[in-house]
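Here the structure comes first, spelled out in structure tokens, and everything after it is commentary.
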Amino acid sequence: MTWYHELGIKYPLFQGGMAWASNAELVAAVSNNGALGIIGSGGRTANELRRMIRKTKTLTSQPFGVNLMLLDKNIKQLLEVICEEKISVVTTGAGSPKGIIDTIIGNNIKLFPVVPNKEIALKMFKLPISGIIVEGNEAGGHVCSQNLASLLKEIAPICPLPLIAAGGIYDHHTASLANILGANGVQVGTAFLLAKECQISPVYQELICKSEENGTSLISDKNGHLTRLLNISSEYPLNKSLKAAVEKGDLINGSFMAGSASAYLEKIESVETIIQRIMKK
């Protein structure tokens, strides 16, 4: 049995756990079509996460996961909900999962941390994880300084676990390239923002559809941390709100995060169509 069949999914494809954008309808549709839908818990309260999980359960009987941003102050409360609701897969970002690993393993949860470089990947291999997600700077939102190809070339040869590639993947060709470079599966975010089942603001979706080559930029804050955003203005204050972009399409206060794949995505499609395009089944 392959590693992804052990997760109860048909395809080696994860939907990115995009904070605020991964609504229950999207997550359920992804899982219902053979991939792994993932709820983004970032910025949510424990009660909000519980409601999302329970709503998703009414829409699918298939496995789905939750993404944890480890710098969130309420991480313990979020993890309690995940355990109580018997979520089987967790992905993590923004920190090391070392502090929660005992709880994860004790509840039979399969853990897939997102890694931005070889150094952190080596640290993750020392933990009882089920696989890693290697994310290049082609991805939307907060990213590393390396592109996906260079990361895969460094990490794939030394990776003893399932390796999932993320960043710039939106169709069968980009997924196949990641596989050639050593990935065992892919994680897709931006393409799912244009799913019919994704309930982000129509303004947000239209901006992605209209995005052209070099339609996103990597913006650095004062600490050198990078964020990939749609080019919608000449200024990029990083204190803008992703929630305002997702829920209201607020062009003044919204932070419109999206990956470089935006340049090649032109229309709203069903989750089923998006998954079939990537897996080419």
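Laid out as a table, the results:
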| quantity | calculated |
| --- | --- |
| Check on Leu70, open to solvent by 20 Å² or more (accessible area, probe 1.4 Å) and modelled with pLDDT under 90 | yes |
| Hey, Gln146 on the phi < 0 side of the Ramachandran plot, touching an Asp or Glu at 6+ places or on another chain (Cβ under 7 Å), of a type in the set (S, T, N, Q) and not in a helix (DSSP H, G or I) or not | no |
| Listing of helices (runs of 4 or more DSSP H) fully contained in region 164-281 that carry 2 or more residues being surrounded by fewer than 17 Cβ atoms within 10 Å (Cβ to Cβ) | 172-180, 202-210, 242-248, 271-279 |
| Region 141-157 - residue that is open to solvent by less than 70 Å² (accessible area, probe 1.4 Å) and not small (Gly, Ala, Ser) and, of those, farthest from Lys118 (Cα to Cα) | Val143 |
| Counted residues, region 169-210 - those being at pLDDT 95 or above and touching an Asp or Glu at 6+ places or on another chain (Cβ under 6 Å) | 1 |
| Candidates Ile75, Ile100, Ile104, Ile82 - the one that is aliphatic (A, V, I, L, M), open to solvent by less than 40 Å² (accessible area, probe 1.4 Å) and modelled with pLDDT of 95 or more | Ile82 |
| Given (1) farther than 17 Å from Glu197 by Cβ; (2) open to solvent by 30 Å² or more (accessible area, probe 1.4 Å); (3) touching a residue at least 12 places away in the same chain (Cβ under 8 Å), index of the condition Lys55 fails | (1) |
| Residue that is farthest from Phe192 (Cα to Cα) [pool: residues in region 26-45 that are open to solvent by 10 Å² or more (accessible area, probe 1.4 Å) and polar (S, T, N, Q)] | Thr45 |
| Of the criteria (1) under 15 Å from Lys86 (Cα atoms); (2) modelled with pLDDT under 95, which one Arg44 fails | (1) |
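The values are calculated or read from the model by the stated rules, or taken from the named source; none is laboratory data. As the structure is a computational prediction, the values presented were derived from the model and not from experiment. Heads up, the Cβs are rebuilt from the backbone with ideal geometry, glycines too, and the neighbour counts pull from every protein chain shown. Ligands, DNA and RNA are stripped out before the accessible areas are found, and what is left, the full protein with its side chains, is counted by its heavy atoms. Shrake-Rupley method; radii C 1.70, N 1.55, O 1.52, S 1.80 Å.
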